[in-house]
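K.L.:
Right, I'll just put the structure down here and ask away after.
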Amino acid sequence: MLRRFAFWFTGAALLLAPASAFAIQKPLNGAERLHTFGSSQPGAEFNSGGLATGGQVSYSSGTQILTLTAAGDTLNWFDPTVGSGCEIDGTTNCAFNYAPDLTITFSAEFDSLVETPIPTTTLSVLQLNFKTTSGTDLVVTDPTDIGFGPVLTGNLQAGIFGGTPTTGLSAQLLWDASLNGGLGGISPPAAVLTTVATLKADASSHYSSLVLPDFFGLAFTSVTDWNGCVGTTACEAALDSILQAALAGGNLLPSFTAEVNGEVVNLQAGSFVPEPSTLLLLGAALAALAGRVRR
């Protein structure tokens with residue numbers, strides 16, 4: 001069963017009203033920072049089970065759009081200011097619980113499925129890639145704001161994360177063609193190898209100070225209940241079925257739903273670099289040589 005599914009995505013936050021116009025629950029002093037990815041402390045936590053309707057990941061094969069509606073419930077941060085009580089990233093922590101929760105909506109368009117065989121084995125690395133919808137991909141709102149306006153918005157942006165090209169949101173999974181009678185399946189225990197994406201906040205956003213100097217990520221710490229599955233065996237079979245159909249259908253990823261838990265985290269400076277389209281095309285060409293690119 002898929003234990004950890006981290007989505008990273010990139011985007012530039014759009015114009016927001018001045019902070020004074022918002023009756024947000026958690027004003028910031030400008031010194032607070034989200035914990036960095038990989039530290040022992042969580043970032044800003046969210047889940048898709050806390051919303052009455054639409055609280056899930058949903059993908060439509062008709063529109064080829066992935067959507068997420070989630071509730072932001074807890075903000076975790078460190079503050080390097082002396083005497084703050086949470087000065088050190090990954091070691092000390094301050095927290096704030098939103099009540100009511102923030103509302104997070106996100107969308108992305110399917111770009112490609114890249115299959116890269118591992119020589120002399122029945123294994124392959126599958127990489128699912130999504131890109132910007134060419135609209136506003138990320139919107140975060142605080143329902144206590146009088147106008148229910150966004151406290152953060154953003155768009156997916158392609159680039160290089162950790163040396164790997166990404167179209168904006170990518171997930172890599174280990175696939176074993178010998179499973180399920182030759183239909184293939186996710187290979188445990190390392191079902192998910194890596195994921196890549198980042199998000200860039202505009203300085204006009206009140207929460208942009210949490211992610212200085214620039215980039216941050218959205219990590220899905222768990223993805224469950226694929227297409228409403230119940231139980232480990234059924235959920236493994238449901239995820240396998242989704243990927244089997246995608247591989248058999250060429251460039252068609254079938255519709256699916258899932259439930260998620262995750263967190264917004266900071267990234268170390270320089271871990272994401274936006275690149276010109278020519279370099280991204282080169283990265284895609286190299287991936288095509290390594291395996292099969294399905295668009």
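K.L.:
Treating the beta-carbon of each Lys and Arg as +1 and of each Asp and Glu as -1, no other charges, what is the dipole magnitude of region 181-273 about its Cα centre, to the nearest 20 debye?
P.N.:
The dipole magnitude comes to about 160 debye.
K.L.:
Where the convex hull is taken over the Cα atoms of region 149-259, what is its projected area averaged over directions, in nm²?
P.N.:
Mean shadow area of the hull around the Cα atoms is 9.3 nm².
K.L.:
Taking only the alpha-carbon positions of region 127-191 and ignoring solvent, what does the Debye formula give for the base-10 log of I(q)/I(0) at q = 0.25 Å⁻¹?
P.N.:
Here log10 of I(q) over I(0) equals -1.00.
K.L.:
Moving on to the next point. Among 233, 224, 166, which comes first, then next, by fewest other beta-carbon atoms within 10 Å?
P.N.:
Ordered from fewest to most neighbouring Cβ atoms within 10 Å, 233, 224, 166 come out as 233, 224, 166.
K.L.:
Right, here's the next one. Is there a quick way to get the dipole size of region 98-148? I mean about its Cα centre, with the Cβ of Lys and Arg at +1 and of Asp and Glu at -1; what is the value in debye to the nearest 20?
P.N.:
So the dipole magnitude of region 98-148 works out to roughly 200 debye.
K.L.:
Just rank 230, 151, 260, fewest to most, by other beta-carbon atoms within 10 angstrom.
P.N.:
Listing 230, 151, 260 from fewest to most nearby Cβ atoms yields 230, 260, 151.
K.L.:
Please report Rg (one decimal) and Dmax (integer) in Å for the Cα set of region 59-147.
P.N.:
Using the Cα atoms of region 59-147, the pair Rg, Dmax is 19.9, 61 Å.
K.L.:
Would you order 96, 215 from fewest to most other beta-carbon atoms within 10 Å of each residue's own beta-carbon?
P.N.:
In increasing order of surrounding Cβ atoms, one gets 96, 215.
K.L.:
Sticking with this one: Describe numerically, in nm with one decimal, the distance between label points set 7 Å from Cα along Cα→Cβ at residue 29 and at residue 118.
P.N.:
4.9 nm
K.L.:
Given 0.36 nm per residue, what is the gain on full extension from residue 96 to residue 232 after removing their alpha carbon distance, in nm?
P.N.:
Between residue 96 and residue 232, full extension yields 45.7 nm more.
Laboratory data are not the source of any read-out in this text; all were calculated from the coordinates shown. Here the structure is a predicted model, which is why all the values come from computation and not from measurement. Cβ atoms come from the backbone with ideal geometry, glycine included; neighbour counts cover every protein chain shown.
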